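For reference, the structure discussed in these notes is given below.
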Amino acid sequence: GLLCGGMPKAPVKKKATTAARAATNPLFEKAPKNFGIGNIQPKRDLGRFVRWPFYVRFQRQKKILTTRLKVPPSINQFTKTLDKASALSLFRLLDKYRTEDRKAKRNRLATMAQNKAAGAKDDASKKPTYVKFGLNHVTSLIESKKATLVVIASDVDPIELVVWLPALCRKMEIPYCIVKGKAALGKVCRKKSASVLALTNTRPEDRGELSKVVETVKANFNDRFDETRKQWGGGVNGIKSQHVMAARARAIAKEEAKRQG
């Protein structure tokens with residue numbers, strides 16, 4: 001206490017830590033982050049600093065460009081796809097006509113060969129009914145008016161492969177629709193992806209379901225062709241540009257109010 005001629009120190013009051021702790025809610029404990037050098041840094045989202053692969057950068061840049069630039073109607077029509085409820089009923093129908101796998105095809109051909117060797121007559125009516133795929137094949141089916149329904153993928157790249165198909169379907173008066181995902185169409189025909197599918201024949205029990213799908217498809221695509229071929233896409237500014245334009249419009253409105261006032 002009185003050493004070195006100093007004044008006696010005041011007694012140190014102990015903080016009422018127990019009472020403070022009891023007052024705090026245990027559900028919301030403080031967890032202060034320490035950003036100092038030498039400390040373990042808290043986890044944060046570093047997505048902005050990642051050098052993404054080229055295909056990721058490419059698809060992001062493409063998305064931004066198609067939003068900013070004006071997109072002609074022939075390409076913009078592929079952004080207007082079939083709604084979810086109608087697409088579900090369409091794929092439910094298409095799944096009934098999935099192409100056969102290799103094992104089933106091998107067995108069918110082996111049975112046909114055995115019947116032929118035994119001298120039995122080949123029945124053409126028993127030929128299995130599946131969806132038709134392949135751009136050239138489907139095009140020939142449309143031109144010969146054998147297709148009853150054409151399904152086009154919205155994300156075909158390059159888009160020039162299918163950009164003319166809706167006009168051809170309308171000219172030949174064949175119902176067509178644009179759906180999301182070439183991979184979804186690929187699953188139907190057991191491929192990685194498919195740009196276009198077509199139905200030619202259906203079993204009698206599925207004709208009612210097909211007529212409902214065709215009715216929906218015609219109302220959304222065939223009958224609205226004249227409307228969609230005039231609708232341009234894109235031309236949407238970025239968020240920063242939108243704020244700048246809004247601020248400019250507010251300033252102009254303010255000036256006009258001053259002049260009139």
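Here the spin labels are modelled as points 7 Å beyond Cα on the Cα-Cβ line, and at Asn115 and Phe28 they lie 7.6 nm apart.
Percent of Cα pairs in segment 137-218 per distance bin of 10 Å, from zero to the largest separation: 18, 51, 30, 2. Computed over the chain, the per-residue total of -39500 (n - 2.57) for DSSP H runs of n ≥ 4 gives a 222 nm mean residue ellipticity of -13000 deg cm²/dmol, rounded to 500.
Tell me, which longest segment in the chain has none of the GluC sites (Glu not before Pro) that fall in DSSP loops with at most 11 further Cβ atoms within 10 Å? Maximal segment without exposed cleavage sites: 30-172.
Using the alpha-carbon atoms, what tilt in degrees (0 to 90, nearest 10) does helix 54-68 show relative to the longest principal axis of the chain? Between the helix axis and the principal axis of the chain, the angle is about 90 degrees.
Count charges around Ala85 for me, please; just the other residues with Cβ under 12 Å from its Cβ, Lys/Arg as +1, Asp/Glu as -1. Taking every Cβ under 12 Å from that of Ala85, the sum is +2. Solvent-accessible area of Met245, all protein chains in place: 100 Å² (probe radius 1.4 Å, heavy atoms, ligands and nucleic acids excluded).
The trypsin sites (Lys or Arg not before Pro) found in segment 120-205 that occupy coil by DSSP, while having at most 12 further C-beta atoms within 10 Å, are Lys121, Lys145, Lys192.
Shown here: log10 I(q)/I(0) by the Debye sum over Cα atoms at q = 0.07 Å⁻¹, derived from the displayed model; of the candidates (i) -0.23; (ii) -0.52; (iii) -0.31, it corresponds to (ii).
If DNA, RNA and ligands are ignored and the probe is 1.4 Å, what is the ranking of Val236, Val213 by accessible area, most exposed first?
Working: Val236 70, Val213 10 Å².
Largest accessible area first, the list is Val236, Val213.
Ser144 contributes about 60 Å² of solvent-accessible surface, heavy atoms of the protein only, 1.4 Å probe. To the nearest 10 degrees, how steeply does helix 102-117 sit against the main Cα axis of the chain, on a 0 to 90 scale? For 102-117 against the chain, the angle is about 10 degrees.
When all C-alpha to C-alpha distances in segment 113-261 are sorted into bins of 10 Å, what percent of pairs does each bin hold, rounded to whole numbers? For segment 113-261, the binned pair fractions read 9, 27, 23, 14, 11, 8, 4, 2, 1, 1, 0 percent.
In this rough spin-label picture, where each label sits 7 Å from Cα along the Cβ direction, the Ile252-Thr79 distance is 2.4 nm. Enter the angle in degrees (range 0 to 90, nearest 10) between the Cα long axis of helix 84-95 and the first principal axis of the Cα atoms of the chain, meaning the one along which they spread out most. The angle comes out at about 40 degrees.
Heavy-atom accessible area for Trp164, with the other protein chains in place and a 1.4 Å probe, reaches approximately 100 Å². Which part of segment 134-166 falls in the paramagnetic zone of Lys105, meaning amide N under 20 Å from the point 7 Å along Cα-to-beta-carbon? Under cut-off, by backbone N: 134-141.
The values are calculated or read from the model by the stated rules, or taken from the named source; none is laboratory data. For clarity, every value in this text was computed on a predicted model and none was experimentally measured. Neighbour counts run over all protein chains shown; Cβ positions are idealised from the backbone, glycine included. Please note that ligands, DNA and RNA were not included when accessible areas were found on the heavy atoms of the full protein model with its side chains. Shrake-Rupley method; radii C 1.70, N 1.55, O 1.52, S 1.80 Å.
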